[in-house]
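Since the structure comes first, as C-alpha cells, the remarks are kept for the end.
The values are calculated or read from the model by the stated rules, or taken from the named source; none is laboratory data. Computed from a predicted model, the values in this text were never measured in an experiment. Don't worry about glycine lacking a Cβ; one is built from the backbone with ideal geometry, like all the others, and counts go over all protein chains shown. Note: accessible area is taken over every heavy atom of the protein model, side chains too, but ligands, DNA and RNA are not part of it. Shrake-Rupley method; radii C 1.70, N 1.55, O 1.52, S 1.80 Å.
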Amino acid sequence: MAQRRVVVTGLGAVTPLGNNVQDTWEGIKAGKSGVDKITLFDASNYKVQVAGEVKNFNIADYGVDPKDCRKMGRFTQFLVAASAQALKDAGYNKENLANEKCGIMVGNGIGGFDVIEAAFKKYFDPSAGVTRIPPLTAPELIPNEAAANVSMLYGIKGPAWTLSTACSSGTDALGNALDMVRSGRVDVCVSGGTEATITGFGIGTFMVLKALASSYNDQPQKASRPFDKNRDGFVMGEGSAVLILEELEHAKKRGAKIYAEFAGYGASSDAYHITAPLPDGTGGALAITRALEDACLKPEDVQYYNAHGTGTHANDSGETKMVKIAFGEHAKKLKISSTKSMTGHMIGAAGAIEALFCIKAINDGFFPPTINLDEPDIEGGCDLDYVPNKGQSGNIDAAASASLGFGGHNGCVVFKKYSDK
C-alpha cells in the first residue's frame, strides 16, 4: 500500500517581525531584525537587555471573545492567533471542521512563564500569600493548554497533543503530525509551536546559564549573529507558527491551495549532555539523514537548509560539522541561513516558524539571509555558505530545517515543491 502523501494547505504566524505571515516573511526578505530593547519587564539591571518581542499584539483581533482571552497565558494566545490565521488560510472554520477527522499537534518548550511568575509574586508576598494566587494559574501555565484552547475554540475533537523537546519542540511536533496524517489517524492536522518566555525569570534563567547575547545591549538589532566571529550567545524570541497539514487526496478533493509537500522527518538523541550538543555533529547529522531517507531524497536534491543557528559558539561550529556529515560534499554547494538572526530564538516555536520559512523560500525561490554575519568564524569551523546579510534568488526544489534542543533532542523536517506526480 502506497504511503499517504501530506501537503501544507495553510500558514499562520505571530513573530517579532509581524503578527501575520506576510509581514513576517517580508521582514525576512528585507533582512530586518525583530530584536530590540526588552519592554515586557524592567531589564535595566540585567546583563541581558534585548529580546525578540512580539509587538502590538491583541488576541481580540483574531475573533476571540475577551472573556476567553483573560483565561489564556501569553503562549496560548500566540498559538490561538497563529492557528486562526492558518485555518482561515486553508479555508477551514468551526463549522466545516466539524465533519473532518482533524487533530492538533503542538510543540512547546516551557509553558506559561508569565503566569508562573505572576502567581509566585502573589505567593511570596507576605501581605497576600497562598489565598491570593489567581485561581486559573494551574490551567493557564501548563503546556497543553495552548492546544486545548484551539481545540475548544474550533470544536476539534481529534487528538490535541503537546510535545516538549526543548528547542526542538516545534520541529518534532510537525514530524509527529506528519506521522498522524500518514497513518490515517487524522486527515487534517493543526501543527506548529508556541512560546512566550520573555519575563524577568525567563531571561534570568538563561542569562545565568551564560547562553544569551549580552554584548549588544546598545545595538539590539546586531545582537543575534549566528556563525559570526563576534557572536556571544542567542537572543530570546517569542511567538508562534502553525501549519495546516492535510492528506493530499483530501486536499485536492476540496480544491485547497497547496503550498508544498511535507516530504520527510527524522529525529535522534545525542545521549551526551544536558545543554551542549555533541561537538562532532554526529547526533544532529543522524536526524538529517533520517529525514532525507524518509523523504526519499538524496543530499544533492536539497538546495536550502534553514539552520538551528542559535549564535552560541557550541551550536554554530557543531552544526556546521553536522551539515558536512549529513550532506557530504554537497554541503559546500548548499545555501544555509539562520533566520534566528532576525527573529531571535523562539524556543518551542523556532522549528515551526523555520519550517514555514522553508515553505515560503520554496514558493518564492528565495534564500533568506543570515544578517549580522560580518566576519564568519572560519577558525571556529564556520566555513560554509550562510547567505550573509542579503538574501538571494534561486530555484528551490527542496528545503530542510533542523532543530537541536537541550537534553540532546534533534529533529529535522524536509519540504519539497509540490508536484501532482
Are any residues in the stretch 72-95 hydrophobic (A, V, I, L, M, F, W, C) and part of a helix (DSSP H, G or I), and if so, which ones?
-> F75, F78, L79, V80, A81, A82, A84, A86, L87, A90
Options A295, A291, A287: the member that is buried (at least 24 other Cβ atoms within 10 Å of the Cβ), out of contact with any Ser or Thr (no Cβ under 7 Å at 6 or more places or on another chain) and modelled with pLDDT of 95 or more = A291
Determine if the stretch 147-158 includes at least one residue that is open to solvent by less than 10 Å² (accessible area, probe 1.4 Å) and touching a His at 6+ places or on another chain (Cβ under 9 Å).
-> no
If a residue has to be open to solvent by 10 Å² or more (accessible area, probe 1.4 Å) and in contact with a strand residue (DSSP E or B) (Cβ under 6 Å, 6 or more places away or on another chain) to count, how many in the stretch 314-355 make the cut?
-> 1
In the stretch 115-146, residue farthest from the chain's Cα centre (by Cα) [restricted to those that are within 20 Å of F78 (Cα to Cα) and not in a helix (DSSP H, G or I)] | L136
Can you give me the number of residues within the stretch 216-256 that are within 24 Å of G405 (Cα to Cα), open to solvent by 10 Å² or more (accessible area, probe 1.4 Å) and of a type in the set (S, T, N, Q)?
-> 1
Which one of these does Y305 not meet: (1) outside any strand (DSSP E or B); (2) closer than 19 Å to I28 by Cβ; (3) among the hydroxyl-bearing types (S, T, Y)?
-> (1)
Among the candidates T24, T9, residue that is buried (at least 20 other Cβ atoms within 10 Å of the Cβ), part of a helix (DSSP H, G or I) and touching a Gly at 6+ places or on another chain (Cβ under 8 Å) | T24
Can you confirm whether the stretch 373-382 contains a residue that is touching a residue at least 60 places away in the same chain (Cβ under 8 Å), in contact with a strand residue (DSSP E or B) (Cβ under 7 Å, 6 or more places away or on another chain), of a type outside the set (V, I, T) and surrounded by fewer than 17 Cβ atoms within 10 Å (Cβ to Cβ)?
-> yes
Counting just the residues of the stretch 257-284 that are in a helix (DSSP H, G or I) and among the small types (G, A, S), which one comes out surrounded by the most Cβ atoms within 10 Å (Cβ to Cβ)?
-> G284
Could you say which residue among S44, S33 is more than 29 Å from L373 (Cβ to Cβ) and of a type in the set (G, A, S)?
-> S44
Every residue from the stretch 181-211 that is crowded, with 24+ Cβ neighbours inside 10 Å and either assigned to a helix (DSSP H, G or I) or free of Cβ contacts under 8 Å to residues at least 60 places away in the same chain (or both) | V181, I203
From the residues in the stretch 90-116 that are of a type in the set (D, E, K, R) and within 22 Å of D68 (Cβ to Cβ), which one is surrounded by the most Cβ atoms within 10 Å (Cβ to Cβ)?
-> D114
Could we say that G31 is part of a strand (DSSP E or B) and within 22 Å of the chain's Cα centre (by Cα) here?
-> no
Is it the case that some residue within the stretch 360-368 is within 16 Å of the chain's Cα centre (by Cα), assigned to a helix (DSSP H, G or I) and under 30 Å from A2 (Cα atoms)?
-> yes
